[in-house]
Amino acid sequence: MRLKALTRLLFLISGITWVALLFVDLSVVFSVRSNLEPDLPTWLPAVLFNIFLVSLYYFYKFRIDRDEQLNFVDLLWRVFATGLVVTVISLLFRLIDYLPGTSKLTNLFIYVEANYIISLGLISGFLMASFTVWKRLILYQKSKWLLRLWNFFETGLMVALVYNSLELPAADWVYNVLLGVLIVTGLILSANMKWVAYLNFRQKWTSLLLLLLAIFYVMYLFYTANSQAITAFGEAQGFVDHRSHIFFQSLFIFVAIYSIFSFLVILFNLPTTSVFEQKLEEVVNFQRISQSIQTEQSEESVYNILLETSVSTVFADAAWLEIKNNDHDHRLFTYHISEKEAHEIIEHLRKEHVTGVLDQSQDKTKNLSKHLASLRGSRFRSILAFPIYVKGENIGTLALLKELADGFNREMTKIVSTFANQAGISIENFRLLEEALQSERYKEELKIAKTVQKSLLPQVLSEHDDFELAAFSESADEVGGDYYDTLRTSDTQSALIVADVSGKGTTAAFHMSQMKGIFHSLAQNCIKPEEFMIRSNQALANCLERGSFISATFFIINTEEKKVNYSRAGHCPVLYYSASRNTAEYLKDKGVALGMVRNKGYEKFIEAHAFAYHANDIMVLYTDGITEAKNSKGDEYGYDRLLETLLEVKDRSAREIQEHLINRLYEFTGTENINDDYTTMIVKFR
C-alpha cells in the first residue's frame, strides 16, 4: 500500500515538474527574445528537466516493482503500449503543422519551443518505461557480477545527470569519455538475455512483433526530437537541449541497442525453440508414465499412455506395443497404424531374419531401413524397438515407426529407452498392487515394491578425486519417500540431490520415482541449482496431488573452481564442517518445497548460494527423520546432537562418519523400529 501511494506521489511530482519546466522555459525564452532581463535564472529549466527525469525514473521503477507476477511478454507489452500512446500524441501535434490556417501559429517561437518541451516529456516517458523493463529483463537470474555492472551503469547515469545540472566550462573530452563509458557499459549489459530461452514458440513471435514496434518508436522519436531541436535552436533559443544531455542520450542509445539485440536474439533462437519445448515435454511425459500407476484403472491404460508419450516425444508417425502374458495370450496395442500393418512388418522382419531390433545397440534403425524398404506397400522406412521388462522378464515390445529412412537418432533412443524402463516399473508396481488387493497379501507385495524402489537409488555413487561419498537410507514402512542421487555431469562438475517426499508408503515412493526422473532429465544439462528447482517445480505442479510436496536440496560441485553451488527447497539445512576453522554449522537458507507454489511466482521463493570448499571439509546431507527421531522419553535427536556426533569423528573417512552417525542414532532411540525414513549422505572433500 505504501509503494502504491509512493508511486502516485512520484507521478504527481513528475507532472508538476514538467508543467513547471514548460512555463519556466517559455518565460525565459520570451524574455531573452524580447531583449529583456529574465525574471527567472536561465539555468532553472535545465535543473527542472533533470528533476523531471529522476522523478519519472522512480515512478516507473516502483510501478514495475509492484507487479512481480508479470511475465516477459507482459513486460514487452508495457513498452509497446507506452510507445503507442507517446507516438500517437506526437503525431497529433505534428498534424497541427499541416492543418490549414496554422502557419502563423507554427511560426511563433513560443509554439515551437512549447512543442519541443512537450515532445521531450513524451519521449522521456517512453525511455523511462523501456529502461525499467529492460532492467527487469537483464537482471533475470542475475549474478553478483551482473548486479554490480548494472549498479555501475545506474551510478554513471546519475553522474551524467549531475554533470548536466552543473554549469561547468565546456569540456568536450569529459562529455565524450562519460558518454563512451555509458555506451560501452550498456552494450555489455545488452548481451544478457537469459529470459529469451524461457519463451515458447508463440511467445517469441509475439515478442518479435512488440520489439519491432518498439524499435520503430525509438527511430521515430529520435527523428522527431532531433528535427524539433534543430527548429527550436535554429535561432539559439531554448535552454533545454537533449542533444547535449549525456543522461538523455545514453538512455536513448541503451533503449535502442537492447531493443535491437533482443529482436535479433529471439529471431535467431526461433529454430531452437522446439528443442527446449521438447525437453520440457520429455520431463512431463516421464512424469505421466510414472504417475500412470496412481491414476489409471487398468494395465491397458498404462500401455496407451506409454504409446502416446513415446510417439509425441520422438515425433514418430506410428507405434505398436505387443504384450505377451504367456505363450498363448498375445495382445497388440496400436497407435496410428492398423493391426494388419503391424503384423505384416513383424512377419516381414522375421522372414528377413533381422536381428538386433530388441537389443541395446547404439543405433537400432541404421540397418533396418533397407529391410522395411523391401516390404512392398509399407509407408514406413524406420523402426525403433525396445523390450518391456517386468521382474526381469520380457513381457512385450514397444516399436516406433517413421515414414523417413534413418528417422531416429541416438538421443531419441536413450529417451525412449528410459520411458520403456519406467513403463516396466510402472506396470510391475501396478500388477503388484492389483494382486495385493485381490489376494490380501499386501505386506508381501510391498516388500517387492521396496526392492523396486531400492533400485531407483544409486548402487554406486559418482565419486571424484576431490571428494568421497557415503550414503544410507532406511524406510519406516516397506517403501518410503526419501531420495538421494549423484550424477557426473562433466569432468569437473558433479550433481547431488537429497529429497524428502511428504507422506509415507507407496504414494511417497511413486513421487520419489518422479523426482528421480526429473533429476536425471534436468541435471545432465548442467543447469544452475536455482533453475533446476524452478523447472522441477514446473514439472511437478501438475503431477502432485493437492497437499503433497517434495523438499529437496540440489548441489553442483565444481572441482575445477573448488566451489559448491546449491539451492534449498524447504529441506533440512546442510550441516557443514570447516576444517580450517575447526567448526561446524548449519547453512540455513531460504526455500519453499517443490509443489507448494503452483504458479510462475515460485522463482522468488528460491535462492542460489555458493561457497568454496577446502581439504577435509565435510558436508552432511540428511532428511528430517534423522533430527526428529525420538527416544523412549519422547526427546528428539535434534540438530545439536547431530552436530556433536559429526565433531566426534570429523577426522575419519566418509564411510566411517556415516556408520558412526547411524549407530549413535539407533543408540539414542533404543529401537530399530523407526517412525520416519532415515537418509544421510556424507561428502568429505579431499
Selection status of His511, touching a Ser or Thr at 6+ places or on another chain (Cβ under 7 Å), more than 25 Å from Leu594 (Cα to Cα) and at pLDDT below 85: no
Matching residues, the range 585-621, being touching a residue at least 40 places away in the same chain (Cβ under 8 Å), not charged (D, E, K, R) and not in a loop (DSSP other than H, G, I, E, B): Tyr586, Leu594, Gly601, Tyr602, His609, Ala610, Phe611, Ala612, Ile618, Met619, Val620, Leu621
Residue within the range 548-567 that is in a helix (DSSP H, G or I) and under 27 Å from Ile425 (Cα atoms) present: no
Residue identified as surrounded by fewer than 17 Cβ atoms within 10 Å (Cβ to Cβ), more than 27 Å from Gln249 (Cβ to Cβ) and in contact (Cβ under 8 Å) with a residue 12 or more places away in the chain among Phe201, Phe222: Phe201
Residue match in the range 186-198 (condition: hydroxyl-bearing (Ser, Thr, Tyr), outside any helix (DSSP H, G or I) and within 21 Å of Leu267 (Cβ to Cβ)): yes
Sole residue being surrounded by fewer than 17 Cβ atoms within 10 Å (Cβ to Cβ) and over 17 Å from Met619 (Cα atoms), chosen from Asn582, Asn542: Asn542
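Check whether at least one residue in the range 408-422 is in a strand (DSSP E or B), more than 28 Å from the chain's Cα centre (by Cα), under 18 Å from Asp317 (Cα atoms) and among the aromatic types (Phe, Trp, Tyr), and report yes or no. Break it down stepwise before answering.
Initially, the range 408-422 is screened for residues in a strand (DSSP E or B), giving none.
No, the range 408-422 contains no residue that is in a strand (DSSP E or B), more than 28 Å from the chain's Cα centre (by Cα), under 18 Å from Asp317 (Cα atoms) and among the aromatic types (Phe, Trp, Tyr).
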Members of the range 310-319 that are assigned to a helix (DSSP H, G or I) and surrounded by 23 or more Cβ atoms within 10 Å (Cβ to Cβ): Ser310
Residues that are touching a His at 6+ places or on another chain (Cβ under 9 Å) and not in a strand (DSSP E or B), drawn from the range 647-686: Glu648, Val649, Arg652, Arg686
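Using the structure shown, decide if Lys370 is at pLDDT below 70, over 20 Å from His520 (Cβ atoms), in the same structural domain as Ser301 (by TED's automatic domain parsing) and loosely packed, with under 14 Cβ neighbours inside 10 Å.
yes
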The range 20-43, subset of a type in the set (A, V, I, L, M) and within 24 Å of Val162 (Cβ to Cβ), residue modelled with the lowest pLDDT: Leu40
Selection count where residues are within 21 Å of the chain's Cα centre (by Cα) and under 14 Å from Ile626 (Cα atoms), scope the range 480-509: 2
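The values are calculated or read from the model by the stated rules, or taken from the named source; none is laboratory data. A quick note: this is a predicted structure, and the numbers were derived from the prediction, not measured. Here Cβ is always computed from backbone atoms with ideal geometry, including for glycine, and neighbour counts include all displayed protein chains.
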